[in-house]
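K.L.:
What follows is a structure written as structure tokens; I'll ask about it next.
The values are calculated or read from the model by the stated rules, or taken from the named source; none is laboratory data. All values derive from a computational prediction rather than experimental measurement. Cβ: placed from backbone, ideal geometry, glycine included. Neighbour counts: every protein chain shown. The area values use the complete protein model at the heavy-atom level, side chains included, leaving out ligands, DNA and RNA. Shrake-Rupley method; radii C 1.70, N 1.55, O 1.52, S 1.80 Å.
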Amino acid sequence: MDNKELIANGNAVLGIEFGSTRIKAVLINEKYEPVASGGYTWENTLENGIWTYPLSQIIEGLQTSYAELKKDVQSKYGIKLTKFKAGGISAMMHGYLAFDKDDKLLVPFRTWRNTITGEASKKLSDLFNFPVPERWSISHLYQAVLNNEEHVSKIKNVYTLAAYIHYLLTGQKVIGVGDASGMFPVKLNGNTADYNKEYLEKFEALDEIKKIKASNSDFSILNGNLFPKVLMAGEDAGKLTEKGAKLLDPKGELSSDIPFCPPEGDAGTGMAATNSVKAKTGNISAGTSVFSMVVLEKDLKNVYPGIIDIVTTPDGYPVAMVHCNNCTGEHNYWINFFKEIVDTMCPSNGIEIGKYYDTLITKSLEADKDCGGLLSYNYLSGETITGFNSGRPLFARSENANFNIANFMRTQMFASLGALRAGMDILYEKENVPVESMTGAGGYFKTQAGLKYMAAAMKTSVSAMETAGEGGPWGMAVLADYASKKLSANLKNESLGDFLEKEVFGSCKKTTAAPEKDIVESFNIFFERYMKGLEIEKAAVNTL
């Protein structure tokens, strides 16, 4: 079928992802090609010391991104989008959405970006002898307990963003295992997975938890309350209800009863989007935040709280994750600043923002090996790996630095990878983790320069699929198609890894960059300066 016929017959597949700065909906065809898309731009805000998004804007973003997708379908194919074969919701992982028995939000959404749970994170990591990062849902929950927050006594359900949207659309309180592994440690048991029972028992045996349970019977993960039920990739996660269809498409043109796959986190969709779910494969998702994922052959020898997290693939296999809160956010501000200068001088220049990115980032390839002696930190928020609970974007240079646009832009691009490199060095040097392939997705990889810099920083060849710019929502649509085919028995016992290898990526084009000697040396010079200069960043946090 051509794309028009495919969409008209309801055989396209939908993926929607709530990213940090953009919510995007992507429709794919039977060849896994994007055929239409829509989006909504948003930004978190710092309110009373909490990074958050209003619940109303979450709904607005969902509806707007889908409405824009419908417009794209109408524009390209001259038809209305009224149904699709399957769908899936993904979102930035972790965070804290707590609701009472009446589904009322008890406190503003606390996103992954918050670094206010240090006490809870440390206590839980010690209790489990397992790294429990500050951004995980259980850290937020336990910190609220430790803070004696009044709302804790009323909690009935805690969700991630993806699990919450999935609940609104399907009425099902479920979560994909990859997203669940960022709420609480999970354990794989054959073809199923669940929250680690041993750790749950330790958590719920704490005096402060027993006290809450005595007055709030819903306050238990062990008895199946509080957190959503864990599902593996390909399992039945419910169907779009009439209420959910009306929420997604207020115009009432969308059919209900459409199957949805388990909701996933952006880490899981990043793995799916880069064919990185088998052992010794890795992927890097680089946008507003950046994280690398390496699928492990065996458990790590040591525990590295705050640096190396252990999560899972969408089918439950252990993954070492290096997560950094900050990546391209700061250089996005700079590029918009440069655009504002040009637009002020030449209001009718007609240059699109994408041209600024391509031109300025490509210009960085002409930089001096030492980046002219420039230094930058992209810490819009705290960065746990390098020891910061709060951040201050910072640019510094010596009086004799070679200050030009090429050096400035390379410094910004390198700074986006500084914390990531610090974490990866542990996997490479202390744990000797083997990596046979690394694949990238996200905005950082839209230019050849970005791919080259990532290869230099990661000390290995890095590939970008032709779908790299689509990233998470495309990966979510692929997971939705996998579930649809598994549930219809078309795939029988085929694993997610085999499905991706054979069905999705068999003929996918990709671009690969090997580490280039000059750029590797350039990054190493910058990285040494970056690590030494952390004292400057500390001073900025303390004084600004």
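K.L.:
So in the range 509-544, with the set limited to residues that are farther than 24 Å from LYS369 by Cα and either free of Cβ contacts under 8 Å to residues at least 60 places away in the same chain or of a type in the set (Ser, Thr, Tyr) (or both), which one is most open to solvent (accessible area, probe 1.4 Å)?
P.N.:
To start, the set of residues in the range 509-544 that are farther than 24 Å from LYS369 by Cα comprises 509-511, 538-544.
Going one step further and asking which of them are either free of Cβ contacts under 8 Å to residues at least 60 places away in the same chain or of a type in the set (Ser, Thr, Tyr) (or both), we end up with 509, 511, 539, 542-543.
Values: LYS509: 144, THR511: 68, ALA539: 49, ASN542: 128, THR543: 109 Å².
Step by step, filter the range 509-544, then rank; the result is LYS509.
K.L.:
If you don't mind, there's one more thing I want to ask. Can you name every one of the helices (runs of 4 or more DSSP H) wholly within the range 385-484 that holds 2 or more residues which are closer than 26 Å to PRO305 by Cβ?
P.N.:
418-429, 448-458
K.L.:
Which one of these is in contact with a Gly (Cβ under 8 Å, 6 or more places away or on another chain), of a type outside the set (Phe, Trp, Tyr) and surrounded by 17 or more Cβ atoms within 10 Å (Cβ to Cβ): LEU375, LEU417? Give the derivation first.
P.N.:
Values: LEU417 fails: in contact with a Gly (Cβ under 8 Å, 6 or more places away or on another chain).
Answer to the check: LEU375.
K.L.:
Further question on the same structure: Just one of PHE527, PHE523 is more than 30 Å from GLY234 (Cα to Cα) and in contact with a Gly (Cβ under 7 Å, 6 or more places away or on another chain); which is it? Steps first, answer last, please.
P.N.:
Details: PHE523 fails: in contact with a Gly (Cβ under 7 Å, 6 or more places away or on another chain).
Criteria check complete, one pass: PHE527.
K.L.:
Going by what's in this entry, would ILE58 be described as under 24 Å from the mean Cα position of the chain (by Cα) and within 30 Å of ASP236 (Cβ to Cβ)? Let's see the steps before the verdict.
P.N.:
On the way: under 24 Å from the mean Cα position of the chain (by Cα): yes; within 30 Å of ASP236 (Cβ to Cβ): yes.
In short, yes.
K.L.:
Just for the range 315-331: of the residues that are in a strand (DSSP E or B) and open to solvent by 10 Å² or more (accessible area, probe 1.4 Å), which one is farthest from THR111 (Cα to Cα)?
P.N.:
PRO318
K.L.:
Next question. If I filter the range 420-430 down to residues being open to solvent by 10 Å² or more (accessible area, probe 1.4 Å) and touching a Phe, Trp or Tyr at 6+ places or on another chain (Cβ under 9 Å), which single residue comes out as farthest from TYR379 (Cα to Cα)?
P.N.:
Let us first name the residues in the range 420-430 that are open to solvent by 10 Å² or more (accessible area, probe 1.4 Å), namely 421-422, 425-426, 428-430.
Narrowing the set further to residues that are touching a Phe, Trp or Tyr at 6+ places or on another chain (Cβ under 9 Å) leaves 421-422, 426, 430.
Working: ARG421: 15, ALA422: 15, ILE426: 21, LYS430: 26 Å.
It comes out as LYS430.
K.L.:
Something else about it: Does ALA163 qualify as being assigned to a helix (DSSP H, G or I) and farther than 23 Å from PRO318 by Cα? Don't jump to the end; show me each part of the working.
P.N.:
Working: assigned to a helix (DSSP H, G or I): yes; farther than 23 Å from PRO318 by Cα: no.
The answer is no for ALA163.
K.L.:
Are there helices (runs of 4 or more DSSP H) fully within the range 182-273 with at least 2 residues that are at pLDDT below 95, farther than 26 Å from ASN148 by Cβ and not hydrophobic (A, V, I, L, M, F, W, C)? List them. Before you say what the answer is, go through the steps one by one.
P.N.:
Details: elements: 197-204, 207-215, 242-248, 266-273.
Once the helices (runs of 4 or more DSSP H) in the range 182-273 are filtered for at least 2 residues that are at pLDDT below 95, farther than 26 Å from ASN148 by Cβ and not hydrophobic (A, V, I, L, M, F, W, C), what remains is 266-273.
K.L.:
Test LEU365 against the stated conditions and say whether it is part of a strand (DSSP E or B), closer than 21 Å to ALA455 by Cα and either open to solvent by 50 Å² or more (accessible area, probe 1.4 Å) or touching a helix residue (DSSP H, G or I) at 6+ places or on another chain (Cβ under 6 Å) (or both).
P.N.:
On the way: part of a strand (DSSP E or B): no; closer than 21 Å to ALA455 by Cα: yes; either open to solvent by 50 Å² or more (accessible area, probe 1.4 Å) or touching a helix residue (DSSP H, G or I) at 6+ places or on another chain (Cβ under 6 Å) (or both): yes.
Answer is no for this residue.
K.L.:
In the range 133-163, what residues are among the aliphatic types (A, V, I, L, M) and more than 17 Å from the chain's Cα centre (by Cα)?
P.N.:
Scanning the range 133-163 gives ILE138, LEU141, ALA144, VAL145, LEU146, VAL152, ILE155, VAL158.
K.L.:
If you go through the range 179-199 one residue at a time, do you hit one that is touching a residue at least 40 places away in the same chain (Cβ under 8 Å), under 30 Å from ASP249 (Cβ atoms) and among the aliphatic types (A, V, I, L, M)?
P.N.:
Within the range 179-199, one or more residues are touching a residue at least 40 places away in the same chain (Cβ under 8 Å), under 30 Å from ASP249 (Cβ atoms) and among the aliphatic types (A, V, I, L, M).
K.L.:
Please work out which residue is farthest from ILE258 (Cα to Cα), limiting yourself to the range 448-505 and to residues that are under 21 Å from the mean Cα position of the chain (by Cα) and surrounded by fewer than 17 Cβ atoms within 10 Å (Cβ to Cβ).
P.N.:
Result: GLU466.
K.L.:
State whether the residues of the range 427-440 include one that is modelled with pLDDT of 90 or more and over 16 Å from THR281 (Cα atoms).
P.N.:
For the range 427-440, residues modelled with pLDDT of 90 or more and over 16 Å from THR281 (Cα atoms): present.
K.L.:
Continuing with this model, one more query. Any residue in the range 44-63 that is in contact (Cβ under 8 Å) with a residue 12 or more places away in the chain and farther than 20 Å from LYS104 by Cα sitting within a Cβ distance under 6 Å of a residue that is surrounded by 17 or more Cβ atoms within 10 Å (Cβ to Cβ) and not β-branched (Val, Ile, Thr)? List the pairs, counting only those 6 or more apart or interchain.
P.N.:
From the range 44-63, the pairs are ASN44/TRP51; ASN44/TYR53.
K.L.:
So which residues in the range 19-43 are of a type in the set (A, V, I, L, M, F, W, C), over 24 Å from PHE499 (Cα atoms) and in contact (Cβ under 8 Å) with a residue 24 or more places away in the chain? Lay out the reasoning, then the answer.
P.N.:
We begin by selecting, within the range 19-43, every residue of a type in the set (A, V, I, L, M, F, W, C); these are 23, 25-28, 35-36, 42.
If we keep only those that are over 24 Å from PHE499 (Cα atoms) too, we end up with 23, 42.
Across the range 19-43, the qualifying residue is only ILE23.
K.L.:
How many residues are of a type in the set (A, V, I, L, M) and either over 23 Å from ILE23 (Cα atoms) or open to solvent by 40 Å² or more (accessible area, probe 1.4 Å) (or both) when one looks only at the range 270-314? Even if it seems obvious, please write down each step before you answer.
P.N.:
Within the range 270-314, the subset of a type in the set (A, V, I, L, M) is 271-273, 277, 279, 284, 286, 290, 293-296, 300, 303, 307-308, 310-311.
Those still in the list that are either over 23 Å from ILE23 (Cα atoms) or open to solvent by 40 Å² or more (accessible area, probe 1.4 Å) (or both) too: 277, 279, 294-296, 300, 303, 307-308, 310-311.
Number satisfying all stated conditions: 11.
K.L.:
Tell me, please, whether a residue that is under 30 Å from PHE130 (Cα atoms), within 13 Å of the chain's Cα centre (by Cα) and modelled with pLDDT of 95 or more can be found in the range 327-334.
P.N.:
Among the residues of the range 327-334, at least one is under 30 Å from PHE130 (Cα atoms), within 13 Å of the chain's Cα centre (by Cα) and modelled with pLDDT of 95 or more, which makes the answer yes.
K.L.:
Something else about it: Give all pairs with beta carbons closer than 7 Å in which a residue from the range 474-493 that is at pLDDT below 90 meets a residue that is assigned to a helix (DSSP H, G or I); count only pairs at least 6 apart in sequence or on separate chains.
P.N.:
Final answer for the pair search is LEU491/LYS485; LEU491/PHE499.
K.L.:
Among the residues in the range 436-445, are any closer than 22 Å to VAL26 by Cα and surrounded by fewer than 23 Cβ atoms within 10 Å (Cβ to Cβ)?
P.N.:
Yes, the range 436-445 has at least one match.
K.L.:
Further, regarding this structure: Just to check your reading of the model, which residue among ASN9, ASN3 is out of contact with any Ser or Thr (no Cβ under 9 Å at 6 or more places or on another chain), surrounded by fewer than 18 Cβ atoms within 10 Å (Cβ to Cβ) and of a type outside the set (A, V, I, L, M)? Outline the logic, then answer.
P.N.:
Values: ASN3 fails: surrounded by fewer than 18 Cβ atoms within 10 Å (Cβ to Cβ).
Just one listed residue meets the conditions, ASN9.
K.L.:
Follow-up question, since we're still on this one. Determine the pairs where a residue that is farther than 18 Å from THR269 by Cα, located within the range 3-18, has a partner that is aromatic (Phe, Trp, Tyr) and not in a loop (DSSP other than H, G, I, E, B) with Cβ atoms under 9 Å apart, the partner being 6 or more residues away or on another chain.
P.N.:
As it stands, the answer is ASN3/TYR77; LYS4/TYR77; ILE7/TYR77; ALA8/TYR77, since those pairs meet every condition given.
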